[in-house]
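A.B. asks: I have a structure here, written as structure tokens, and I will follow up with some questions on it.
Just so you know, all these numbers are worked out from the coordinates, no wet-lab data involved. Since the structure is predicted, the reported quantities are computational estimates derived from the model, not experimental observations. Here Cβ is always computed from backbone atoms with ideal geometry, including for glycine, and neighbour counts include all displayed protein chains.
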């Protein structure tokens, strides 16, 4: 019970921060969704990083490392260290400038104004909302796994079940997002980021000391034929490794990350983010992946859905109850980053649907904010019941890769074209968005119909009947000629954006001048240059 009680104490602190933020806020849309565009450099850096590091970063990465080895760090973290800061520099700063100048709160508000579109903007908003829901579900699943595992006693029975743990986390997150909005979310994320960055180093040292040193642990893994492959790239084929280079493109396209970029008080705040983001990624991913590999020798035989909690099992078996509770709170800090996603989904509905179609004009801004709060409740409840349905059936990392990462990465050509290509059109954006919807649904369909032929971990991929050598089924995904679907989805999305834009009428001169006129040519001079960063 003691570790769980310590985690409950942490949840109470987080809840208080949200309530305190509510007392500081104003009852208008810009303050609720963007904290009045007033976040300082430290809070902006920590909250932007924290909002992007969800249960995937600790539970998902360690679970995948348990199954497939230390190469998981190369798959996600190494590419992310390069691509994510680059996209923040190219897209985030430009989006911040245009959002502040024209009053945009969401990506879709910018796209509607940039391409003079209404229905197409609504479709893109709905598409991003549907792809964001699985990411929110991951947070609830992570909370359930954490509290269930950390409260399990010597008899194997948990004091807090997965269902109750998920409900508690969902309720706490819903409460401080409901009251505090973006200000509460940013403050909580800043606090949580400090906590889970500290967790990695402390857990690494304590667990390593208890198991006799990580050198000895590596020797044991290398000595066993069943685990020696975890120390090599043998379980990760080169086409799959190359495919993962496209995954980090999803980061800046996530609505919660794009909205967070709009909260900075000054464009100079991005400079520190570009510098420290890669360091933060290494600080959280390296210990998580390494501990996941170590867990393979401590807890053999776990299935993909069960391996998400291996890092918590290591804590419980290699530290005392107090330390396990404190470090469990560090894991919970990373898991609870779903708060910004819930707020982003609320912003999409409130700004892109409710306000755009006349709700704000008819009922006023106060009703608009309370509509956003009501949507926070609805989203959280839906995510909770979806998390119950997926208990132990899906790994956190696999859900994120198949739905959230792939879909949002494939939307990146739309944002790049809107920001940097004058000739791009709404019809090109529609073609690209339709392709992304088809790609996500098609991947889900192929994954579902091929469940019966899915190989066990360590076995070679099996071809999906009826498609020749085009689609193969791995234990956790579907590949296209050996490549993950994210790669063809991104490439074809970009090609459609380019080709259809050239075949359709360009936006009006007034709109082009508005976003690419002489005054906009001076914008890059205010953005921190990569050399100084």
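A.B. asks: Using helices alone, I'd like the mean residue ellipticity at 222 nm for the chain: each DSSP H run of four-plus residues gives -39500 (n - 2.57), total over residue count, nearest 500. It would help to have the intermediate numbers written out before the result.
C.D. replies: Working: 25 runs with 347 residues, N = 533.
Taken over the chain, the calculation gives -21000 deg cm²/dmol.
A.B. asks: Can you tell me the orientation of helix 338-347 relative to the chain, as the angle in degrees between its alpha-carbon axis and the longest Cα principal axis, to the nearest 10?
C.D. replies: 20
A.B. asks: Taking the simple approach of a point 7 Å from Cα along Cα-to-Cβ for both residue 470 and residue 82, what is their distance in nm?
C.D. replies: Here the answer is 3.1 nm between the modelled labels.
A.B. asks: Additional query: When only C-alpha pairs under 8 Å and at least 6 residues apart count, what is the relative contact order of the stretch 47-128, in percent? It would help to have the intermediate numbers written out before the result.
C.D. replies: On the way: 20 pairs, mean separation 9.8, N = 82.
After rounding, I find 12 percent.
A.B. asks: To continue, here is another question. For the modelled label position 7 Å from the Cα of residue 13 along Cα-to-Cβ, which residues of the stretch 130-146 have backbone nitrogen atoms closer than 17 Å?
C.D. replies: none
A.B. asks: Shifting gears a bit: Calculated FRET efficiency, residue 386 and residue 495, Cβ-Cβ r, R0 30 Å, to nearest 0.05? Let's see the in-between values first.
C.D. replies: Working: r = 33 Å, r/R0 = 1.11.
That gives a FRET efficiency of 0.35.
A.B. asks: In percent, how large is the relative contact order of the stretch 95-165, given Cα pairs closer than 8 Å and 6 or more residues apart?
C.D. replies: Worked out over the stretch 95-165, it gives 17 percent.
A.B. asks: Specify whether the C-alpha gyration tensor of the stretch 185-259 places it in the rounded, prolate or oblate class, a ≥ b ≥ c being the square roots of the eigenvalues: rounded for a/c under 1.5, otherwise prolate if a/b is larger than b/c and oblate if not. It would help to have the intermediate numbers written out before the result.
C.D. replies: Values: a/c = 5.60, a/b = 1.30, b/c = 4.30.
Oblate is the answer for the stretch 185-259, as a/c is 1.5 or above yet b/c matches or exceeds a/b.
A.B. asks: Just to confirm my numbers, what's the Cα centroid distance between the stretch 127-186 and the stretch 407-476 in Å?
C.D. replies: Their Cα centres are 28 Å away from one another.
A.B. asks: Against the longest alpha carbon principal axis of the chain, how many degrees, from 0 to 90 and to the nearest 10, is the axis of helix 162-210 turned?
C.D. replies: In the chain, helix 162-210 runs at an angle near 40 degrees to the longest axis.
A.B. asks: Any chance you could check the Cα centroid distance between the stretch 73-103 and the stretch 222-288 for me, in angstrom?
C.D. replies: Each part's Cα centre sits 12 Å from the other's.
A.B. asks: I would also like to ask the following. Once the piece of chain linking residue 1 and residue 303 is laid out straight, how much longer is it, given 0.36 nm per residue of separation minus the C-alpha distance between them? Could the numbers behind the result be given before it?
C.D. replies: On the way: separation 302, 0.36 × 302 = 108.72 nm, distance 2.64 nm.
Extra length available between residue 1 and residue 303 comes to 106.1 nm.
A.B. asks: Using only the Cα atoms of the stretch 128-258, build the gyration tensor, take square roots of its eigenvalues as a ≥ b ≥ c, and label the shape rounded, prolate or oblate: rounded if a/c is under 1.5, else prolate if a/b is larger than b/c, else oblate. Could the numbers behind the result be given before it?
C.D. replies: Working: a/c = 1.96, a/b = 1.31, b/c = 1.50.
Here the stretch 128-258 falls in the oblate category.
A.B. asks: With the contact rule set at Cα under 8 Å and sequence spacing of 6 or more, what percent relative contact order holds for the chain?
C.D. replies: Details: 911 pairs, mean separation 152.4, N = 533.
Relative contact order here is 29 percent.
A.B. asks: Quick one: order 1, 487 by neighbouring beta-carbon count within 10 Å, fewest to most.
C.D. replies: On the way: 1 12, 487 23.
Starting with the residue having the fewest Cβ neighbours, the order is 1, 487.
A.B. asks: Where does helix 214-223 land angle-wise versus the long Cα axis of the chain, in degrees 0 to 90, nearest 10?
C.D. replies: The angle comes out at about 80 degrees.
A.B. asks: For labels at residue 367 and residue 219 in the simple 7 Å Cα→Cβ model, what's the distance in nm?
C.D. replies: Modelled inter-label distance: 7.3 nm.
A.B. asks: Moving to a separate point now. Report Rg (one decimal) and Dmax (nearest whole number) for the chain, counting Cα atoms only, units Å.
C.D. replies: In Å, with Rg to one decimal and Dmax whole: 22.6, 72.
A.B. asks: Treating each Cα of the stretch 86-139 as an identical point scatterer and ignoring solvent, apply the Debye formula and state log10 I(q)/I(0) at q = 0.20, 0.21 Å⁻¹.
C.D. replies: Taking Cα atoms of the stretch 86-139 as identical point scatterers yields -0.84, -0.88.
A.B. asks: Right, here's the next one. Cβ neighbours within 10 Å, averaged per peptide: list 93-103, 444-454, 64-74 in order, most packed at the top. Working shown, then result.
C.D. replies: Details: 93-103: 18.5, 444-454: 13.5, 64-74: 23.9.
In descending order of packing, they fall as 64-74, 93-103, 444-454.
A.B. asks: Here is a follow-up. How many nm separate the modelled label positions at residue 448 and residue 378, each set 7 Å beyond the Cα in the direction of the Cβ?
C.D. replies: It is 2.4 nm.
A.B. asks: What is the calculated FRET efficiency for residue 456 to residue 232, with r their C-beta to C-beta distance and R₀ = 22 Å, to the nearest 0.05?
C.D. replies: Using R0 = 22 Å, I get an efficiency of 0.70.
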